[in-house]
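S.K.: I'd like to ask some things about the structure below.
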Amino acid sequence: MKKALSITALVGLLLCNGVVADAQNRIEFKEFKLDNGLTVLMHRDNTTPIVAVSVMYHVGSKNEDPQRTGFAHFFEHLLFEGTENIGRGEYMKKIESIGGTLNAYTSNDITYYHEVVPANYLETALYMESERMLHAKIDTVGVETQRSVVKEEMRQRYDNQPYGTILRETFKRSHQVHPYNWPVIGSLDHLNAATLDEFMQFYRTYYVPNNAVLSIAGDIDYAQTEAWVRKYFSEIPAGTGTINRPNVTEPKRTQEIRDIVYDNIQLPAVILAYNLPPKKHQDSYALSMLSTYLTGGNSSLLTKEVVDKQQKAVGVAAFPLDLEDGGVFLTYAIANMGVSADSLQHALDGQIEKVIANGISERDFQKLQAQVENSVVSRHASVAGIAESLAEAKTFFGNADEINHEMAKYNKVTREDIQRVAQQYLAKSGRVVLYYLPKSEEPKQ
């Protein structure tokens, strides 16, 4: 039997997740802005001689031309190719040679580059990120190389991965108007058809200082760090291209959408997807707690009832993919051997309906609050986590200090709020129900 896509891997396909902070452990930071529009955030933590350097560009798949999808994800790869002053293939080698680590990801909303290096190499990391922003090497060789990379990634992570198309199949049904309806990885046909000039124009429009947040956290000196930032980033000109910010609201549906996807699998899966409000909506906190209550750990409701007691599923997860313009609350379960998709859906619906009708107990609510607090602490246990949280807060909320207020917002959530958002957002009307079934069950044409 082929290995099922893990819950962690499924979330990784979208890569966008909210971060909270403990109000009692305030994260201090300094902020300034360069004349070219680059926002800079700095957090000092001298406990360990390391520093995280990150750049968050406010560009994701939703900003793309519908006939040229996949550009943002493509640039996630392409901007590691090298620059005018850093040889092809040398970008990663340089960071790794100084004992650093680096990576990047793209979501529907953002592209994020980050590295963690020994503190005495902070200047090197800043120089290299400035090179990526000013002098990226975008040529035919790099474009052709990354086309092959994306093609292989598409084959491994989506086409040949059991259950690997769940997010793609869900979003094209849950978002029929908003540009979230195409996957972050985009279309290989679009990438193959694109010209070098089109790639250059995308770079000059979106990977510019006035569309970015530079976030630095770790063992730093504020004055020296600011001096280096100004040295390497001030010369970069502001972008002049027109940034596409979709002004689209997904219409509220009143009818359930049901469909079947036949996949190279042996065990059926059931996906229940409910549209969410925008990321900044106050209900996001209650919805996040609701998802934790449903599947956050071995004693969570769906795990305990559907997996352990009823033994209808081998695994289950529920998580709010809280995107900037409104994502989905997705419940995902893989059926146990011999259990039909209908039977599994009935079991999932039964437990969700109980929460809608009865809410949660005071004991479960207190346990849930403790889980949230634990999550808060662990997410900011590293300078890399803090750098990312600061950048996210500034990008999505316009205020980096938001990370120091989010725990208070979670603390305002009541038991009644959790029942209310279950009633409001997890109603059957308008949701997407997908059955993933083995290809052997597909009707013959």
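The values are calculated or read from the model by the stated rules, or taken from the named source; none is laboratory data. Not measured: the values here are computed from a predicted model. Glycine gets a Cβ as well: all are built from the backbone with ideal geometry, and neighbour counts include every protein chain shown. Side chains are part of the model used for accessible areas, which takes the heavy atoms of the whole protein and leaves out ligands, DNA and RNA. Shrake-Rupley method; radii C 1.70, N 1.55, O 1.52, S 1.80 Å.
S.K.: From the Cα gyration tensor of the range 67-200, with a ≥ b ≥ c the square roots of its eigenvalues, which class applies: rounded if a/c is under 1.5, or else prolate if a/b is larger than b/c, or else oblate? The partial results should precede the final answer.
M.R.: Values: a/c = 2.14, a/b = 1.69, b/c = 1.27.
Note, shape of the range 67-200 comes out prolate.
S.K.: Express the relative contact order of the chain as a whole percentage, based on alpha carbon pairs under 8 Å and six or more residues apart in sequence.
M.R.: Taking the mean separation of contacting Cα pairs over the length of the chain, I get 24 percent.
S.K.: Step through the table entries Lys30/Lys412; Lys172/Lys252; Lys312/Lys439, compare each Cα-Cα distance with 19 Å, and write down the pairs that go over it.
M.R.: Lys30/Lys412; Lys312/Lys439, as the Cα separations exceed 19 Å there.
S.K.: To the nearest 20 debye, what charge dipole does the chain have about its Cα centre, counting +1 at the Cβ of each Lys and Arg and -1 at the Cβ of each Asp and Glu? Before the final figure, lay out each step's value.
M.R.: Working: 45 positive and 55 negative charges, 219 e Å.
Dipole about the Cα centre, nearest 20: 1060 debye.
S.K.: Please give the peptides 389-395, 28-34 ranked by average Cβ packing (other Cβ atoms within 10 Å per residue), highest first, as a rough proxy for protection.
M.R.: 389-395, 28-34
S.K.: Work the Kirkwood hydrodynamic radius out for the range 139-272: mean of 1/r over every pair of different alpha-carbon atoms, inverted, in Å.
M.R.: Evaluated on the range 139-272, it is 19.3 Å.
S.K.: Something else now. Does the range 271-312 come out rounded, prolate or oblate by the C-alpha gyration tensor, with a ≥ b ≥ c the root eigenvalues, rounded set by a/c under 1.5 and, if not, prolate when a/b is larger than b/c and oblate if not?
M.R.: It is oblate, given that a/c is not under 1.5 and a/b is not larger than b/c.
S.K.: Stokes-Einstein at 25 °C, 0.890 mPa s, Kirkwood radius from Cα pairs: D for the range 212-320 in µm² s⁻¹?
M.R.: Values: Rh = 19.8 Å.
It diffuses with D of about 124 µm²/s by this estimate.
S.K.: Let me ask something else about it. With unit charges on the beta carbons (Lys and Arg positive, Asp and Glu negative) and the dipole taken about the Cα centre of the range 101-260, which residue among Thr170, Leu102, Leu122 sits farthest to the positive side?
M.R.: Going by the charge dipole, the pick is Thr170.
S.K.: If you find the alpha carbon centre of the range 258-334 and of the range 153-173, how far apart are they in angstrom?
M.R.: That distance is 17 Å.
S.K.: Once the Cα atoms of helix 140-154 and of the chain are each reduced to a long axis, what angle between those two axes, in degrees from 0 to 90 to the nearest 10, is obtained?
M.R.: Taking Cα atoms only, the helix is inclined about 20 degrees.
S.K.: Another question about this same structure. So what is Rg over Rh here for the range 298-410, counting just Cα atoms and using Kirkwood for Rh? Walk me through the intermediate numbers first.
M.R.: On the way: Rg = 17.6 Å, Rh = 16.6 Å.
The Rg/Rh ratio comes out at 1.06.
S.K.: Any idea what the dipole of the range 256-354 comes to, in debye rounded to 20, about its Cα centre with Lys/Arg Cβ at +1 and Asp/Glu Cβ at -1?
M.R.: In total the dipole reaches around 300 debye.
S.K.: I'd like to compare 198-204, 237-243: which one has the highest average count of other Cβ atoms within 10 Å, and what's the full order after that?
M.R.: So the order, starting with the most tightly packed, is 198-204, 237-243.
S.K.: Quick one: which of 40-50, 352-362 comes out on top by average Cβ neighbours within 10 Å, and what's the full order, highest first?
M.R.: 40-50, 352-362
S.K.: Would you mind working out the accessible area per residue for the range 346-411, using a 1.4 Å probe, and quoting it in Å²?
M.R.: Ligands and nucleic acids excluded, the result is 44 Å² per residue.
S.K.: Beyond 39 Å, what percent of the Cα pairs of the chain remain?
M.R.: 23 percent
S.K.: In addition: At 1.4 Å probe size, with every protein chain present, just tell me what the per residue accessible area of the range 124-169 comes to in Å².
M.R.: Per-residue value: 39 Å².
S.K.: Additional query: So, with +1 on the Cβ of K and R and -1 on the Cβ of D and E, and no other charges, what is the size of the charge dipole of the range 353-443 about its Cα centre, to the nearest 20 debye?
M.R.: 220 debye
S.K.: With Cβ to Cβ distances under 11 Å as the rule, what net charge do the other residues near Phe365 carry (K, R +1; D, E -1)?
M.R.: Cβ neighbours under 11 Å give a net charge of -1.
S.K.: To check my understanding: the extent here is largest minus smallest coordinate of the Cα atoms along each principal axis. What are those three numbers for the range 95-134, in Å, largest first?
M.R.: On the principal axes, the range 95-134 reaches 34, 21, 14 Å in Cα extent.
S.K.: In degrees from 0 to 90, rounded to the nearest 10, what is the angle of the helix 383-397 Cα long axis to the longest principal axis of the chain?
M.R.: Relative to the chain, helix 383-397 is tipped by roughly 80 degrees.
S.K.: Still on this structure, I have one more. With the cut-off at 1.5 for a/c, could you classify the range 147-205 from its C-alpha gyration tensor as rounded, prolate or oblate? Provide the component values of the computation, followed by the final result.
M.R.: Working: a/c = 3.04, a/b = 1.34, b/c = 2.27.
Judged from the Cα gyration tensor, the range 147-205 comes out oblate (a/c at least 1.5, b/c at or above a/b).
S.K.: Using a probe of 1.4 angstrom, how much of the accessible area of the chain is carbon and sulfur, in percent?
M.R.: Result for the chain: 48 percent of the exposed heavy-atom area is carbon or sulfur.
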